[in-house]
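Read the structure below first, then the notes.
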Amino acid sequence: MWDGVKSVFINWTVLFRGSIIGTVIGAIPGLGGTVASFIAYTSTVQASSDPSSFGKGNIIGVIAPESANNAKDGGSLVPTVAFGIPGSAETAVFLGILVLHGIDPGPTLLLENEREIYGLIIALTLSAVGASVIGLLTAKWLVKITFVNVNILVPLVVTISLTGVYVLQGKPGDVLMALIMGIVGYLMIRFDYPRLTLVIALVLGETAERSFHQSLLISDHNLVGLIMDRPQAIILVLATLLTLLLPALRKRGKKTA
């Protein structure tokens, strides 16, 4: 257990990168921890000198997504507190609590309620530390879950998952779609196809399409001009291209070496 704690500090660059990704993704409404975890994991695999070790016990593959998932909570408070836009289901509930207590979220909140803001920061910090302490104290018992027979665990997980899918909208077709995607996932594992890219596409597809149409409307169908007028957009486009080209560049560098 303590070897795991030490590895976090040894691989502090992975922790830092995952935290930055989680904070940025958390500040974007509607994405959430799933997207932050997958992006942090993908970027870490691409930056690693031994990507084949991921999924086979490489601790970095745990540190990166977990640091992003934890950091996204702080980032999600930025649009919630500053603009009154909830970044996730949890922050939507938090927004309702603020309204019930007579506090109007928005830019004025940062000026008129400084005590509450600092209290929120301290509470979030203490909750993170407290969760870590509880996790360390209960690790001896929690680890026993991994020894549960898969013949017992898998049917329970599948049943609960399908029930959750049906409860969301009450449509049997959703359950059928979940079963089909489960079969697709099994076939991808069986024939060694990467599953992470498909999951990211399913999670981000709707958001990306909606944002694309919004950008077209804002730019009057001059998307290139809209990007070139905004340095932030140029940086994001270059970062995206670099992420896509990084595996090919690394492979080419290995061949020349």
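The values are calculated or read from the model by the stated rules, or taken from the named source; none is laboratory data. These figures come from a predicted structure and were not determined experimentally. Using ideal geometry, Cβ is built from the backbone for each residue, glycine included, and neighbour counts are taken over all protein chains shown.
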| message | On the basis of being under 30 Å from Ala178 (Cα atoms) and assigned to a helix (DSSP H, G or I), does Val129 make the cut? | response | no
Within region 10-37, the residues that are part of a loop (DSSP other than H, G, I, E, B) and either at pLDDT 85 or above or more than 24 Å from Leu202 (Cβ to Cβ) (or both) are Asn11
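Answer with yes or no whether Ile200 is over 19 Å from Phe38 (Cα atoms) and in a helix (DSSP H, G or I).
Spelling it out, it is not the case that Ile200 is over 19 Å from Phe38 (Cα atoms) and in a helix (DSSP H, G or I).
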(request) Inspect all residues belonging to region 164-175 and state whether any of them is part of a helix (DSSP H, G or I) and either modelled with pLDDT under 85 or under 20 Å from Val24 (Cα atoms) (or both). (result) yes
Of Gly119, Gly96, Gly102, Gly75, the only residue that is of a type in the set (Gly, Ala, Ser) and either on the phi > 0 side of the Ramachandran plot or not in a helix (DSSP H, G or I) (or both) is Gly102
Exactly one of Leu136, Leu124 is touching a Gly at 6+ places or on another chain (Cβ under 9 Å), of a type outside the set (Lys, Arg), more than 25 Å from Leu198 (Cα to Cα) and assigned to a helix (DSSP H, G or I), and that one is Leu124
When (1) touching a residue at least 12 places away in the same chain (Cβ under 8 Å); (2) farther than 22 Å from Tyr41 by Cα; (3) β-branched (Val, Ile, Thr) are applied to Ile200, the one that fails is (2)
Picking from Val133, Val93, Val129, Val148, the residue that is modelled with pLDDT of 85 or more, exposed (fewer than 13 other Cβ atoms within 10 Å of the Cβ), hydrophobic (A, V, I, L, M, F, W, C) and closer than 23 Å to Thr34 by Cα would be Val129
Exactly one of Ala47, Ala27, Ala40 is in contact (Cβ under 8 Å) with a residue 12 or more places away in the chain and surrounded by 21 or more Cβ atoms within 10 Å (Cβ to Cβ), and that residue is Ala40
**Message:** Take the conditions surrounded by 13 or more Cβ atoms within 10 Å (Cβ to Cβ), of a type in the set (A, V, I, L, M, F, W, C) and part of a helix (DSSP H, G or I) and apply them to Ile63. Does it pass?
**Reply:** yes
